[in-house]
Every structure is written in C-alpha cells, then in structure tokens.
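What follows is calculated from the coordinates using simple rules that are stated; it is not laboratory data. All values reported here derive from a predicted model rather than from experimental measurement. Positions of Cβ are backbone-derived with ideal geometry, glycine not excepted, and every protein chain shown enters the neighbour counts.
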Amino acid sequence: MRVYLVRHGESEANIGGYINDDPSKPVTLTAKGRAQATTAAEALRAVAITHAYASRFPRARETAEIILAGRELSLTIDARLNERRSGLDGQSVEAFNSLVCADPVRIKPENGESFLEQMARLRAFLDEIAQRHPQGVVLAVSHENPILAVAALAGREAEVAARGAIGNCEWLLLEWPSESLLTPQVAYLEDEHHSGEGQRDAVGEDDRPA
C-alpha cells in the first residue's frame with residue numbers, strides 16, 4: 001500500500017498560535033489554507049488515489065474534501081489520524097514547547113499523550129488500512145505531529161522526527177508495511193513553514209499538534 005500523508009492547510013489556530021486538539025471546536029481553514037489545499041489537489045491530480053481518510057478535525061476534513069473534488073471517492077473519518085492530545089487545548093503553542101522540550105519523545109502531558117503513544121496509534125491505523133487496501137493508493141489527511149510520528153515509524157530516529165517540521169499541505173509519501181520512506185524528505189509545496197494550531201513538541205518553526 002502506498003500512502004500520501006498530507007497535513008491540512010493553514011488554519012485559524014495556526015494564525016493565532018494556539019493549540020486546538022479538541023475536534024469538537026470549529027477551527028477551520030483560512031483563505032490561504034483553502035488555497036494551499038487547492039494547490040495540493042493540483043499537485044496530486046495525476047495520482048490514482050483509491051481510498052481517502054481524514055482525522056475528525058474540521059480543518060483536515062475540509063482539506064481532504066478540496067483535494068478530492070472531482071473524484072468519485074468517499075472520505076472516511078478515522079480518529080487515529082487526529083491531532084496529538086496535549087492536555088493544553090486553547091493554550092499557546094509555546095506552552096507545549098516548553099513542557100516537552102527536554103524529551104519530546106517520552107514526556108506525556110497531563111491528560112495528553114506522548115510522542116511514543118502517538119506512534120502506536122498511527123501504527124495501528126497504517127496496519128489496519130494496509131490489510132484493507134493492500135494494493136491501494138491512500139490519501140490520509142492529518143496533522144503535523146501525527147505525520148512526524150509516521151516518519152519515525154518509517155525509520156527516522158524518533159527524537160529527530162519529533163523535533164522536525166512539515167508545513168501546511170505538505171506530505172509524506174511511503175509504502176506500508178515496508179516501513180521505508182519512498183521519499184527521503186517530505187515533498188514540499190512551498191518553502192515556508194506556518195506556525196500552528198498544534199503544539200510544537202520541541203524545536204521547530206511550526207506547530208506540533210497541527
């Protein structure tokens with residue numbers, strides 16, 4: 001199975017620099033975020049996507065719907081693609097950064113989850129959909145932190161992955177269960193990274209749960 005793990009477009013929380021890891025809150029894409037999703041749709045136009053998934057968050061669903069426009073594909077919502085649980089919903093990204101910077105892989109915020117726990121739920125998602133669609137080409141729209149967790153599952157050193165970054169509407173391409181990245185780095189659609197609605201696990205320009 002080939003998987004395109006796409007981060008959602010720029011959101012209101014990205015602009016505000018605050019954490020949103022509660023999918024019931026209506027944090028949506030900005031105009032720029034919708035334009036980014038349209039650019040991603042054009043870049044992926046020639047990809048024969050067979051199945052599509054997104055997290056429960058409105059910003060991920062909206063991004064997926066823009067990418068899938070004109071395709072006869074249904075979108076499946078799967079909570080395992082959700083943003084990392086921080087226990088700090090509504091607080092600043094800097095608050096999360098400060099909390100986890102000493103050990104971004106193992107520190108578990110109160111009422112949150114560690115990077116390792118996040119890796120486990122993403123592995124469960126990938127294993128299950130690989131069984132469902134062994135020859136499939138899957139679009140999965142998620143958030144920065146979960147996508148970095150997949151990068152760790154695919155072979156990047158966990159702390160390097162946790163301290164990494166992926167911009168809005170950039171993606172990670174991999175084969176699963178081969179556990180190797182098809183691309184040594186994410187396929188960037190643009191040079192800049194955008195601050196986000198998610199927490200920043202440690203060092204980086206962007207959000208972590210984003």
For GLU128, GLU117, what ranking results if the residue with the fewest other Cβ atoms within 10 Å of its Cβ goes first?
GLU128, GLU117
Which GluC sites (Glu not before Pro) from segment 55-90 combine a DSSP loop assignment with at most 11 other Cβ atoms within 10 Å?
GLU72
Give the shape of segment 31-91 as rounded, prolate or oblate, defined through the alpha-carbon gyration tensor: a ≥ b ≥ c are the square roots of its eigenvalues, a/c under 1.5 means rounded, and otherwise the shape is prolate if a/b is larger than b/c and oblate if not.
oblate
Along segment 95-106, Karplus-curve 3J(HN,Hα) (6.51, -1.76, 1.60; θ = phi - 60°) to the nearest Hz, with x for Gly and Pro, reads 4, 5, 4, 5, 5, 9, 4, 5, 8, x, 8, 9
Cα gyration tensor shape for segment 2-181, rounded if a/c is under 1.5, else prolate or oblate
oblate
Specify, per residue and in Å³, the volume enclosed by the convex hull of the alpha carbon atoms belonging to segment 70-111.
133
Order of VAL100, VAL137 under a 10 Å beta carbon neighbour criterion, fewest first
VAL137, VAL100
So for R0 = 25 Å, FRET eff. of LEU173-SER98 from the Cβ-Cβ r, to 0.05, ends up at 0.15
